There are 2 protein chains.
Amino acid sequence: MADVFKAISDETRRAILDELIERDEQTLFELCSRLAMRHAVTSSRQAVSQHLDVLEAAGLVRREKRGRYTFHTIDTRPLAQIAERWPITEAPQ
Amino acid sequence: MADVFKAISDETRRAILDELIERDEQTLFELCSRLAMRHAVTSSRQAVSQHLDVLEAAGLVRREKRGRYTFHTIDTRPLAQIAERWPITEAPQ
DNA sequence: AGTATAAGCAAGTAACCACTTGCCTATCAA
DNA sequence: TTGATAGGCAAGTGGTTACTTGCTTATACT
């Protein structure tokens, strides 16, 4: 789907995926503080939340609400279609 | 590079890559007519040329000028970094 | 030399998108 | 029940970007 390409076209969203690869099942606040500390992302909570909306629409992140916390889980499988669509050859074509 | 993600974030540019996968070494005019016929892309020559600029900056397309023709070649290798950055797992994480 | 074809350059425009701001809802603890 | 924490909703704004328009350059053909 086109959503996947749009999702990874933004630097902050790529940092979110990086952070979720390092540590999965994070809440919004956890993500915000760890993005600021480890990935030099200065976006506000609302901005990060909107990015997570985009990542969820692309199927790259799943949300699971427990109590007052919402945990975010990464799912890299939608990225497979990229390598399938344009197979990577060793030498330049 | 960030340019690769930006490059494939646009539907028309993805169609250009699709078309170059089908038939490599096309000129700008060839690309324009084949995009219109086979990929329902209605963009003008200048628009396609600007898209090729972006794809070239991302290293996904190389240009080779011979006489009055400029041939465009696809190089999918920059896409490999995507799968490397977020490895694809079979089951959801 | 003159014309046609292939393509580059550059400014202007309109739509999109990331981000902010302000307010609201829900859950939990004291 | 009151306050604090975690998060959602929605409108407005500024910057980016895809696209058009018009002009220019370069190569090839007659």
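Just flag the GluC sites (Glu not before Pro) in chain B sitting in loop per DSSP whose Cβ has no more than 10 other Cβ atoms within 10 Å. Loop-located and lightly packed - B:E90. Label zone of B:Y69 (point 7 Å out along Cα→Cβ, amide N under 19 Å): in segment B:18-34 this covers B:19-34.
When the dipole is taken about the Cα centre of chain A, and only Lys, Arg (+1) and Asp, Glu (-1) are charged at their Cβ, what size is it in debye, to the nearest 20?
360
If a spin label sat at a point 7 angstrom from the Cα of A:I21 along the line to its beta carbon, the backbone N atoms of segment A:66-81 nearer than 15 Å would be those of A:74-80.
Between 0 and 90 degrees, the angle of helix A:11-22 with respect to the longest Cα principal axis of chain A falls at about 80 degrees.
Label-point spacing at B:A36 relative to the other copies reads 5.4 nm, in ascending order, each point sitting 7 Å out from Cα along Cα→Cβ.
Give the order of A:L28, B:L55, B:L20 when sorted by the count of other beta carbons within 10 angstrom, beginning with the fewest. It would help to have the intermediate numbers written out before the result.
Details: A:L28 17, B:L55 27, B:L20 24.
Going from sparsest to densest Cβ surroundings: A:L28, B:L20, B:L55.
Kindly identify segment B:2-80 as rounded, prolate or oblate by the Cα gyration tensor criterion: order the square roots of the eigenvalues as a ≥ b ≥ c, call it rounded if a/c is under 1.5, otherwise compare a/b with b/c, prolate if a/b is larger, else oblate. Cα axes put segment B:2-80 in the oblate bin.
Computed from the coordinates by the stated procedures, all read-outs in this text should not be read as laboratory data. Here the structure is a predicted model, which means the values were calculated and not measured. Glycine gets a Cβ as well: all are built from the backbone with ideal geometry, and neighbour counts include every protein chain shown.
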